[in-house]
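Read through the structure below, which is laid out as structure tokens, and then see the notes.
Rule-based calculations on the coordinates, nothing more; no lab input. No experiment lies behind these values; they were computed from the predicted model shown. All Cβ positions, glycine included, derive from the backbone under ideal geometry; neighbour counts span all protein chains shown.
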Amino acid sequence: MQSHLLSLSLVMLGALAGWVAHLLGLPLPFLLGPLLISGTVATLLPHKLPEGYQFPQVLRVVFIAVIGLMIGAQITPELFAAAGRLVLSFSLLILFVLLCHSYNFWVFRRLGGYDRATAFYAATPGGLFESLAMGEQAGGDLTRLTLQQFMRVILVVTVLPVGLSLWLGEPVGSAGGVTLARASVPWTDLPFILLAGAAGHLAGTLLRLPARQLTGPLAVAALLSLSGWFHIDMPQWLVNVAQIVIGTALGMRFTGLSPGLILRGAGLSCLSVGGMLALGAACALLLHPLLGEPFDVLLISFAPGGVTEMALVALSLQANPAFVTLHHIFRILMTVLLLLASSRWLRRRL
């Protein structure tokens with residue numbers, strides 16, 4: 001009972017932090033606000049938490065499905081009208097994943113001094129949950145793995161929207177008030193949303209999809225949209241609640257980490273993310289004359305993290321968010337396949 005009350009209190013505190021972040025015009029405020037406040041509690045006040053306390057992960061899984069449904073509903077038949085162009089960008093994306101992983105491994109192994117397994121799985125440019133699970137199984141340091149993987153996502157969803165906002169002279173993404181949700185959705189739609197989310201999670205689990213909590217519901221929503229059977233419109237309040245819960249859950253993953261370890265991990269993440277964004281920009285410059293897509297849209301398609309926020313930034317640029325989302329899903333898939341293919345080799349090296 002005490003743990004349930006604590007979890008509710010953390011979510012309420014996260015909601016307040018999200019509201020403040022929204023007033024300050026931060027990108028993805030209802031995710032980053034709760035993440036920052038719960039992460040602060042986890043690192044500075046761990047002695048105030050009950051021994052062995054863990055934020056209920058079932059809540060996180062449920063609300064990740066909400067985000068997946070919201071994104072999947074944006075996938076329409078028009079997106080596949082230029083499928084030939086996607087072959088070119090996807091091919092370059094494979095090279096992008098390989099180069100990013102190699103560069104990040106060098107950063108964490110040589111500069112960070114991490115052991116081989118920790119550096120290898122911390123270096124992945126996607127597949128967050130898969131990297132943590134496989135890294136722990138391979139004997140990596142789960143604390144450092146968690147820190148580096150979450151820092152990657154946090155930095156990308158913060159730095160890229162802010163940078164684009166400064167470049168364009170106006171806020172983009174969620175900071176600009178853009179959303180994939182609708183202000184008003186009939187309450188009668190909620191049972192269908194719940195059913196689609198449950199079906200998506202089950203399908204993702206059975207098919208062993210990468211990031212199945214997100215991609216399973218995304219696939220179901222996309223199938224419904226493409227078939228014309230039912231179009232899922234997500235109410236804004238539900239999207240905000242989902243981001244608050246997810247942000248709070250992510251922040252609590254930092255429980256027990258020292259401020260010094262976090263600062264050192266943040267420095268390594270700045271090097272890692274900086275290199276990946278530079279490589280993504282180079283890929284965008286190469287593809288721009290070949291595909292005819294704007295440079296900024298291609299850049300966010302190659303950014304290594306934050307599927308939801310990158311889709312919102314795409315909407316700000318009057319681009320189809322599903323084009324961006326497909327690239328991110330493909331990046332995650334390629335990353336997980338790379339991990340599976342190299343796991344046996346890594347075990348021999350260890």
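Quick look at the values:
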| read-out | value |
| --- | --- |
| Coil-residue chymotrypsin sites (Phe, Trp or Tyr not before Pro) of the stretch 229-306, DSSP, other Cβ within 10 Å capped at 11 | W229 |
| Projected label distance in nm at L23 and L44, using a 7 Å step from Cα toward the beta-carbon | 1.9 nm |
| Whole-angstrom gap from the stretch 123-146 to the stretch 1-64, using each part's C-alpha centre | 22 Å |
| Theoretical gain in end-to-end length, S227 to E51 [0.36 nm per residue, Cα-Cα removed] | 58.4 nm |
| Label-point separation, L207 to S102 (7 Å along Cα→Cβ), nm | 3.2 nm |
| Extension reserve of the Q236-H288 stretch, reckoned as 0.36 nm per residue once the Cα distance is removed | 15.4 nm |
| Order of F120, F150 under a 10 Å beta carbon neighbour criterion, fewest first | F150, F120 |
| Residue exposure sequence - C283, C270 - by fewest surrounding Cβ within 10 Å | C270, C283 |
